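Every number in this text was worked out from the coordinates using simple rules, so none of it is lab data. Worth saying up front: this structure is predicted, and the values here are computed from it rather than measured. Methodologically, a virtual Cβ is constructed for each residue, glycine included, from the backbone with ideal geometry; neighbour enumeration extends over all protein chains shown.
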Amino acid sequence: MRYLWWLVRCQPWRVLRGSLLGTAWMVGLSARPYLIARAVDDGLRARDTRALVLWVTAIVVAGVALSYLGIMRHRTMTFIREDAKARSAEVLLRQLSRVGATLPRRTAAGEVATVGGSDINWAAEVLTLTGPGVGSIVAYGVIAVVLWSISPMLALCVLVGVPAVGLVVGPLLRRLERAESVYRRQQGALTARSGDIVAGLRVLAGVGGRDLFARRYAARSQDLRAEGYRVGAVKSWIDAATVAIPGLFLAAVVWLSARMVVSGTITVGELVAVYGYVATLIVPVWFLLWGSHQLIRGRVAARRIAELLKLTPDDVGGPGRRWPATVPDARHPHAVTAPTGPADLHDPVTGLTVRAGRLTGVAADDPARPWRWPTGSAGTSPATPPGATYR
């Protein structure tokens, strides 16, 4: 969660703009039911053509304004997500280059590929909650207040019904998080297995082990598919509840409103408004449930990203050792002054010099022949090339 919060803090003004646009769009959805109710009561029932034209014009203007707000909201949230993706890719690339040769010994290549390929996307999707997610909460409160002005009983049904939806879907969300975590772990392991097979394909073919590894990979992929079915089953129940429960809630509120119209408690226009308010309420409820699902997937993804960011490179100088940076001494006679700017890179073993500011490619004349570090006089310990410094 701290990593996700860091992604938010990296672009505060854009997130604030997305929240304002999302709130304006969500609250604006509840304006049209009010305008329609006024058109029914003041125009149709009163047979006032002038008032009807006035309210119809207001409905059209509100529709155009909502379209513009929706476009700007979606555009801003796209910027936020893309910024988060690029920022995650940047910090991962910097971390991988810092860890260097330590990486293959700390984590599998498949895990790195999965993090860079999918996890940064899921982590970025969570930031959608900063726009329509905030707007959904505000719209829920506004609609409850408006319904209270029409009928306290209807407002009470809304205030109790929406949290009831969360109580029903909450256990499914927790189950989905557990299933997503297991699926993500098995996915990284399977990707690592496929990378190992490809890397050692010639060796496996030579010793006759290709079929054995293929069968093991097939068995692992079947396990991953079964776990994917489990994730899909939980997600399908959440999707079904997201659509069915608000629909049942809407039907119950409309039934109560119709009985209140028959008894004369509210007018026909207010009945239309109540239907519009509750139908509009389905949108923020859907966004909240969808955002909860994205938050679960994003937390699982951010946890994998954070594990890579926690890796530290090997201390080649030994534990607690601090080598001199500029002045040679008896223990480290080859310590040299670090360059203050771009400098050539020289390898004293092969005599290769890579010039600063130039792109240089190095290829072996015989790729099949392994490279060996020159040995010392005893043939057991590496010799220290003159002028070499180890940091």
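Assorted remarks:
- Trypsin sites (Lys or Arg not before Pro) restricted to the stretch 19-81 and DSSP loop, no more than 14 other C-beta within 10 Å: Arg47
- Surrounding net charge for Val168, when Lys and Arg each add one and Asp and Glu each subtract one, Cβ distance under 14 Å: +1
- Mean sequence separation of contacting Cα pairs (under 8 Å, at least six apart), scaled by the length of the stretch 2-309, corresponds to a relative contact order of 32 percent.
- When +1 charges are put on Lys and Arg Cβ atoms and -1 charges on Asp and Glu Cβ atoms, the dipole computed for the stretch 2-309 relative to its Cα centre reaches about 1100 debye.
- Shape of the stretch 2-309, Cα gyration tensor, a/c cut at 1.5: prolate
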